[in-house]
Amino acid sequence: MSVDALSYSAPSVKPSVVPRLVRAWLTTAVSDGIFSSVLVTVFYGSTFARLWQGVASVPLGAKALEGGAQSVFIGLLIHFCVALIWTTVFLVIWMSSAAVQRTVSSWGGVVAVASVYGPCIWMFMSLVVVQTLTHKPPTINYRWWIQFFGHIPFVAFPIVATIGRWRIGPALR
């Protein structure tokens, strides 16, 4: 056996993948962050701080609800990490599926894929992740359904549109 047969080189990542990932991740994190913040402050009568302390309380427990600015920061950090995970998941799906690439090459395809991906994200987060960390079943009420449908335009659409339709340079389709 030759030395060449034993050598391994990691697959190369296209240079456009990293900027595509970063742009989709930050767009999604900001879009969803604004959506959630407006929803809780304007419509639910809560506060910006309580929202992000609540996010921090999922892995850290109820003590995060009284954690002040530190808990707000941790909640925002968790939010950005979760947005990165879901953006990466879609990027991997997009990179490995010619059918997904073809589908999201049109705006109608972007909307169709986001209409499936957004609710899937919300259901996995609320029914699996949060429930596993808090040991409590979710309360499925009108707020749960608002998040279910809100994940289409404010989470999945930015991910799918930015991953699927983004091009380097001034010519955006």
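For residues that are under 17 Å from the mean Cα position of the chain (by Cα) and not aromatic (Phe, Trp, Tyr), scanning just segment 52-64, find the one that is farthest from residue 38 (Cα to Cα). Restricting to residues being under 17 Å from the mean Cα position of the chain (by Cα) and not aromatic (Phe, Trp, Tyr), the top hit is 58.
In segment 99-135, of all residues being among the small types (Gly, Ala, Ser) and touching a residue at least 24 places away in the same chain (Cβ under 8 Å), the one that is surrounded by the fewest Cβ atoms within 10 Å (Cβ to Cβ) corresponds to 105. Considered as a group, the residues in segment 12-44 that are at pLDDT 95 or above and among the small types (Gly, Ala, Ser) include one that is farthest from the chain's Cα centre (by Cα), and that residue is 37. Among the residues making up segment 122-169, a single one is closer than 21 Å to residue 23 by Cβ and among the hydroxyl-bearing types (Ser, Thr, Tyr): 162.
Scanning segment 65-90 for residues that are exposed (fewer than 14 other Cβ atoms within 10 Å of the Cβ) and either more than 19 Å from the chain's Cα centre (by Cα) or in contact (Cβ under 8 Å) with a residue 40 or more places away in the chain (or both) gives 66, 68, 69, 70.
The values are calculated or read from the model by the stated rules, or taken from the named source; none is laboratory data. Note that this is a predicted model, so its numbers are computed, not measured. Here Cβ is always computed from backbone atoms with ideal geometry, including for glycine, and neighbour counts include all displayed protein chains.
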